[in-house]
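**Student:** Below: one structure in structure tokens.
The values are calculated or read from the model by the stated rules, or taken from the named source; none is laboratory data. Computed from a predicted model, the values in this text were never measured in an experiment. Here the Cβ positions follow ideal geometry from the backbone for every residue, glycine too, while neighbour counts run over all protein chains shown.
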Amino acid sequence: MGSRSSHAALIPDADHIRRETGFSQASLLRLYHRFRALDRNQKGYLSRVDLQQIGALAVNPLGDRIIDSFFPDGSQRVDFSGFARVLAHFRPVDEEDSRIQDLKQPEPLNSRMNKLRFAFQLYDLDRDGKISRNEMLQVLRLMVGVQVTEEQLESIADRTVQEADEDGDGAVSFLEFTKSLEKMNIEQKMSIRILK
Amino acid sequence: MGLEMFEAFSPWNVLPWLVVLACCEASSGVNTSSNSSALQTPNAWFAASSSDPDERISVFELDYDYVQIPYEVTLWILLASLAKIGFHLYHRLPHLMPESCLLILVGALVGSIIFGTHHQSPPVMDSSIYFLYLLPPIVLESGYFMPTRPFFENIGSILWWGGLGALINAFGIGLSLYFICQIKAFGLSDMHLLQNLLFGSLISAVDPVAVLAVFEEARVNEQLYMMIFGEALLNDGISVVLYNILIAFTKMHKFEDIEPVDILAGCARFIIVGCGGVFFGIIFGFISAFITRFTQNISAIEPLIVFMFSYLSYLAAETLYLSGILAITACAVTMKKYVEENVSQTSYTTIKYFMKMLSSVSETLIFIFMGVSTIGKNHEWNWAFICFTLVFCQIWRAISVFVLFYVSNQFRTFPFSIKDQFIIFYSGVRGAGSFSLAFLLPLSLFPRKKLFVTATLVVIYFTVFFQGITIGPLVRYLDVRKTNKKESINEELHIRLMDHLKAGIEDVCGQWSHYQIRDKFKKFDHQYLRKILIRKNLPKSSIVSLYKKLEMKQAIEMVETGILTSAAFSARVQGTKRLSPEDVESMRDILTHNMYQVRQRNLSYNKYNLKPQTSEKQAKEILIRRQNTLRESMRKGHSLPWGKQAGTKNIRYLSFPYSNPQTARRDLRAAESTGNWMRLISVFLQRIWVPGSIAQDPC
């Protein structure tokens, strides 16, 4: 398989990616190794098929949507910086990060808002900024076993939208979404320890 | 015509009779030559029946002595099994207390029955029976079910903690008790150092795996699991090795003239015994893996090979006075990977279940024996010794945990928090191992054996009941969850979605480990070991046929339920409706109970049970849903636009609508070229299920 040297210089745009994602050098290197391991034919980018090779994703109810989240804007390939960018959302939130909040700099990718935005896009497939009742129903169908009847699912979807919807438009906007989750510890829920 | 047949068979008729006669002679020969107490009774039976000519043939006879041992043993095991069934019927109980509690109670019950009826309990446990028959299954099971990847990733910490921890505990407890014994007031001064050290070594054998089930649902992280598991694995081996060495010392030097040379020899022996055992185990593991390569035509004997070779590794190591426990553990770990790939599916299941069964039987017997010993007259109570034993056990475990982990944290990428260390400290529950070792102390060398046994029993009872029951709440308290029980439906759904999302992204990240060593081993494994040990051309078709079978059956079931429920489809509720709290409650219940579980990263070990099948059912449903999607998109040839009923009643059995049929087709082509088996199956199934529609597909 490819060259065995794990030199940081091999990573294209390493500095740029580091600044954007906030990963440490070691983590970035490990991510790069993983990227190369997933990239079966050494193409230099990942396609959907490469990600579908991960067996565990096949039995994840949201597997397809997770894979799709790596390909924003309908593109069919993701290079390493895109890969790292998605994974950066799951970096644990450092205490220091939140303090050194330079207003001029864009929000770090692993801030609470950005994590919520990432989760929101799993629901909102047509990217209209709102989760319609149908989209909620789709997600429910994915996540629930087959013994729940269609009728029950529909009423649960109705109820879910109704609870969160404040302006009464029958859909959940991003702000309403964040509001309904304000009590949850998102930073901890959507952080993966090894990505420090 | 009948006569002709009789004529033809007559030479063969003689043969079975000859065989039967030979068997009778052999068995009576065995009877007369055996001298075990149980087998004497058939002799007595023969003698009694032949000695008294006046006795008439009685219609009813009772001969209990003949069957006593197997009968009682079977009854004990059955009683324990019934107790376990009862234990698990009330589903909250396994989370409250470890199952060892239950077994001890059953043992105490049996013991009290035996004591109450003044029955002579059969001599089930003596040294050879324990070490030859009861111990190997327990160790084999823990070695086999150990997850290898996390074990080897953490092997440095595990060896450091397990090995050194056991030694520190043993010597610490032994030395402190020696100093206590020196105090004249307690009346213990006749116990010299070696005896105390021996006691220390046997009381330091912990069985932390027993409590794993109690705090399993607290989502203990992988490393913590591995520490506990690894410690349990190594602990038995090390304490038995120490035990044997110290007994050898005690035999040699009854008069305390031990020279430093002997101590050095003891240390050297410790190392040789340990490493030699592991070496033997690895060799036997490879041999058995190699043999399973050739068993595809007689898959019924595959479990036999696995068990016999493991047992053989134990016995071979014991012959040379090496550590049989470490040998059988190493054998199980080595052969597991290759055997699992070689053996058939049913053999694999058989091996797993049979191992659990054997170890469960062994442990039950030991615990019952413990119960029998508890309720009896052979105890010696000494407040000082027992109390100080308890105290020192806890103190030394705390010392070893915190000191050793402090040191190893400096070298680890992911250090253990204080909370983790506290959990490890608190899970130091003693088990059947310590009792057995105490029970088997030779009385000649240890005049105060009863005191040791009593003290061991007290420690076991205390740790199992007190620590076992309180560790659950403690872990949950430490793991401070959101106390907001009443989560809204929104929150429940979103929490579960995020859990799935996190699990998925973790899978994308893969396993991160010390790359170099693991990669080197993997390369070596691929190039040499697998070529030798794994069967050639593993039948992929069996995987395909298995999947096809399950997929058809499931699909039929799902379609049937689908049709049933959509027939009861009522009109969609428009707009908002005021829902009563009960409705909301019931909705929340439906959601909680029916949402798919997040995939555990395969570290959930239960000593007494195999993992239930619900996760497999869930995985099947999800897989089938995705396959249905593929098939649907193929058949329709168009995407499923949002908001429109796609005209199929099976819309709920679809996962993600592919936006572009081209991508789906390209995926299939790519799947064939890369040979991904799942994709291959989907293509295969397309051809079965949808015969006409792929005519235009260039595949």
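**Student:** Out of the residues in region A:151-163 meeting the condition of being within 7 Å of chain B (Cβ to nearest Cβ) and β-branched (Val, Ile, Thr), tell me which one is nearest to residue A:179 (Cα to Cα).
**Tutor:** Residue satisfying both the conditions and the ranking: A:160.
**Student:** In region B:402-417, how many are in a helix (DSSP H, G or I) and loosely packed, with under 14 Cβ neighbours inside 10 Å?
**Tutor:** Within region B:402-417, residues that are in a helix (DSSP H, G or I) and loosely packed, with under 14 Cβ neighbours inside 10 Å number 3.
**Student:** I'd like to check something: does region A:167-180 contain any residue that is facing chain B (nearest Cβ under 7 Å) and either within 30 Å of residue A:93 (Cα to Cα) or surrounded by fewer than 14 Cβ atoms within 10 Å (Cβ to Cβ) (or both)?
**Tutor:** Yes, some residue in region A:167-180 is facing chain B (nearest Cβ under 7 Å) and either within 30 Å of residue A:93 (Cα to Cα) or surrounded by fewer than 14 Cβ atoms within 10 Å (Cβ to Cβ) (or both).
**Student:** Sticking with this one: Do you know which of the residues in region A:52-81 that are under 12 Å from the mean Cα position of the chain (by Cα) and among the hydrophobic types (A, V, I, L, M, F, W, C) is surrounded by the most Cβ atoms within 10 Å (Cβ to Cβ)?
**Tutor:** Within region A:52-81, the match that is surrounded by the most Cβ atoms within 10 Å (Cβ to Cβ) is A:62.
**Student:** Let me ask another. May I ask you to say which residue of B:317, B:248, B:289, B:327 is surrounded by fewer than 18 Cβ atoms within 10 Å (Cβ to Cβ) and part of a helix (DSSP H, G or I)?
**Tutor:** That would be B:248, the only listed residue that is surrounded by fewer than 18 Cβ atoms within 10 Å (Cβ to Cβ) and part of a helix (DSSP H, G or I).
**Student:** If I ask for residues that are farther than 18 Å from residue B:188 by Cβ and among the β-branched types (Val, Ile, Thr), which ones from region B:451-471 would you list?
**Tutor:** B:460, B:463, B:464, B:469, B:470, B:471
**Student:** Which residues, counting only those in region A:113-158, are in contact (Cβ under 8 Å) with a residue 24 or more places away in the chain and at positive phi?
**Tutor:** Residue satisfying the conditions is A:129 alone.
**Student:** List, please: which pairs have Cβ atoms under 8 Å, are six or more places apart or on different chains, and start with a residue in region B:618-632 that is at the interface with another protein chain (Cβ under 9 Å from one of its Cβ atoms) and closer than 12 Å to residue A:141 by Cβ and end with one that is at pLDDT below 75 and not in a helix (DSSP H, G or I)?
**Tutor:** Pairs found: B:622/B:655; B:625/B:654; B:625/B:655; B:629/B:654; B:629/B:655; B:629/B:656; B:629/B:657; B:629/B:658.
**Student:** Another one. So if I check each of B:130, B:66, B:90, which one is surrounded by 11 or more Cβ atoms within 10 Å (Cβ to Cβ), farther than 22 Å from residue B:460 by Cβ and of a type in the set (Phe, Trp, Tyr)?
**Tutor:** B:66
**Student:** Then there's this: Give the residues of region B:169-199 that are crowded, with 17+ Cβ neighbours inside 10 Å and either within 27 Å of the chain's Cα centre (by Cα) or without any contact (Cβ under 8 Å) to a residue 12 or more places away in the chain (or both), sorted by residue number.
**Tutor:** B:169, B:170
**Student:** Let me ask something else about it. Output the residues belonging to region B:503-523 that are within 28 Å of the chain's Cα centre (by Cα), farther than 20 Å from residue A:188 by Cβ and modelled with pLDDT of 75 or more.
**Tutor:** Scanning region B:503-523 gives B:510, B:521, B:522.
**Student:** Which ranges mark the helices (runs of 4 or more DSSP H) fully within region A:31-150 that have 1 or more residues being facing chain B (nearest Cβ under 10 Å) and in contact with a Pro (Cβ under 8 Å, 6 or more places away or on another chain)?
**Tutor:** Counting at least 1 such residues, we get A:133-143.
Results for (1) more than 28 Å from residue B:307 (Cα to Cα); (2) hydrophobic (A, V, I, L, M, F, W, C); (3) in contact with a Lys or Arg (Cβ under 7 Å, 6 or more places away or on another chain), shown as yes or no for each residue.
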{"site": "B:110", "(1), (2), (3)": "yes, yes, no"}
{"site": "B:137", "(1), (2), (3)": "no, no, no"}
{"site": "B:146", "(1), (2), (3)": "no, yes, no"}
{"site": "B:173", "(1), (2), (3)": "yes, yes, no"}
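**Student:** Which residue is nearest to residue B:449 (Cα to Cα), if the candidates are limited to region B:247-287 and must be modelled with pLDDT of 90 or more and small (Gly, Ala, Ser)?
**Tutor:** Out of the qualifying residues, it is B:277.
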